[in-house]
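What follows is a set of notes on a single structure, which appears directly below.
The values are calculated or read from the model by the stated rules, or taken from the named source; none is laboratory data. Every value quoted in this text rests on a predicted model; they were computed, and no experiment measured them. When we count neighbours, we look across all protein chains shown, and the Cβ atoms used for this are built from the backbone with ideal geometry, even at glycine. Quick note on the areas: whole protein, heavy atoms, side chains included, nothing else; ligands and nucleic acids left out. Shrake-Rupley method; radii C 1.70, N 1.55, O 1.52, S 1.80 Å.
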Amino acid sequence: MPEQPFGSDQPDRLRLAVQKKGRLADDTFDLLKKCGLTMSQSKNRLYARVEQLPIDILLVRDDDIPALVAGGASDLGIVGGNVFEEERAAGRLGDNVPMVVPLGFSKCRLCIALPKETIYSAPKDMAGMRIATSYPALTEAWLNENGVEGARTVVMNGAHEIAPRLGVADAVCDIVSTGGTLDANGLAVAETIYRSEALFIGGPLDGRKAEIAEALRLRIEGVQRSADAKYVMLNAPRDAVDAIAAVLPAADQPTILELAGQSDKVAVHTVCREEVVWEQLEKLRKLGASAILVLDIDKMLA
Ligand code: PRP
Ligand code: ZN
């Protein structure tokens, strides 16, 4: 079959804008894969067609995603909160600010960092500083909110961390994940101005597109729910079941099963919505539980 021109024949296909490559891209493709979606085209094209749902993926630069969604060129997007909030703070989204669902991955911080030898105790110490950043709107909003006088931003699109050494800035405002980049450049965090994670943005939509978006949202929610969730199975004295349930506060109502030939013992099965730690297993054993199994959950649909 010849390749169809993008979007020309099927106006009902939903468009989802994602980062083509970079910080968020791998996590995003991983999420889509866990949602059971595979794409018919390679990543280096401009778009990819999802096979299981009527969705076309737009592969773009992350800082273009908020405006593509706000302007309606894409129905939905997956983008870092840092980028989304910068575009919003800069007033580039107009009145059509899309709805936002946090995704819980690609977490990082937007921080103002200073050369390690700088004496810093409060925001006023930044008075008059030049701050190298690709987040001028968020940085300036923070400087204003904190009454920092005479500070200004110097917009750079990369390599912020060398700006102080080059003498073009006194500080930087940049993404910090492990902190390794700052450390290697003799810088230290003075203030965290925004905590970021990946966001699912877009809508409200209507008609067929709303249905497709809801199907996608439910799959994402299922992946998120199962990320930390565990299936816990154990055998326990019948009269210890309540005490055992109290050790697993994030667990659903347990299923209690008879154990063949043992009237005083039961098998307890439950889904725990959070990570189960060793300390909890040890408490369970003290309460008489045995044959304790904690299993990963692959998918979950409520
Ligand atoms: C970000 C940021 C730092 C680095 C911080 O850059 O600008 O350079 O990550 O991460 P760390 O705290 O784990 O060292 P990114 O990799 O997104 O690329 P970019 O500079 O090209 O935007
Ligand atoms: Zn960088």
Quick one: P(r) of region 108-196 from all Cα-Cα pairs, 5 Å bins, percents rounded to integers, in order of increasing distance. 3, 17, 29, 30, 17, 4, 0
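Compute the relative contact order of region 108-196 as a whole-number percentage, counting only Cα pairs closer than 8 Å that sit 6 or more residues apart in sequence.
On the way: 174 pairs, mean separation 43.2, N = 89.
Rounded, it is 49 percent for region 108-196.
Over every pair of different alpha-carbon atoms in region 230-296, take the mean of 1/r and invert it; report that Kirkwood radius in Å. If you can, show how the numbers build up before the last one.
On the way: mean 1/r = 0.0856 Å⁻¹.
Evaluated over region 230-296, this radius sits at 11.7 Å.
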Can you list residues from other chains, or at least 5 along the same chain, whose modelled amide H is less than 5 Å from the amide H of ILE193? LEU110, CYS111, ILE112
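Taking the Cα centre of region 110-171 as origin and charging only Cβ (+1 Lys, Arg; -1 Asp, Glu), how large is the dipole, in debye to the nearest 20?
Numbers: 5 positive and 7 negative charges, 27 e Å.
Computed about the Cα centre, the dipole is about 120 debye.
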Portion, in percent, of the accessible area of the chain that falls on carbon or sulfur, probe 1.4 Å: 50 percent
Checking the cross-link filter: which aspartates and glutamates have an alpha carbon closer than 13 Å to that of LYS209, excluding same-chain neighbours under 8 positions apart? ASP12, ASP56, ASP75
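Mind checking the per residue accessible area of region 71-227 for me, 1.4 Å probe, whole number of Å²? Before the final figure, lay out the partial values.
Working: 7450 Å² over 157 residues.
Result: 47 Å² of accessible area for each residue.
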Once the principal axes of the Cα atoms of region 154-302 are found, what is the range along each, listed largest first in whole angstroms? 79, 49, 20
Mind checking which aspartates and glutamates have their Cα closer than 12 Å to the Cα of LYS20? Skip sequence neighbours fewer than 8 apart in that chain. ASP62, ASP63, ASP64
Please report, to two decimal places, log10 I(q)/I(0) for the chain at q = 0.13 Å⁻¹ as given by the Debye formula with identical point scatterers on the Cα atoms and no solvent. -0.97
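What does the accessible area per residue of region 230-296 come to in Å², with a 1.4 Å probe and no ligands, DNA or RNA counted?
63 Å²
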Taking the chain as a Gaussian network, Cα atoms linked when under 10 Å apart, which of ALA137, ALA267, ALA113 shows the biggest mean-square fluctuation? ALA267
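Given the pairs LYS116/LYS230; LYS33/LYS265; LYS230/LYS265; LYS21/LYS124, which are separated by over 32 angstrom at their Cα positions?
Values: LYS116/LYS230 43 Å; LYS33/LYS265 41 Å; LYS230/LYS265 23 Å; LYS21/LYS124 38 Å.
Where the Cα-Cα span goes over 32 Å, the pairs concerned are LYS116/LYS230; LYS33/LYS265; LYS21/LYS124.
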Taking the Cα centre of the chain as the origin, how large is its charge dipole in debye, to the nearest 20, when only Lys and Arg (+1) and Asp and Glu (-1) carry charge on their Cβ atoms? 440 debye
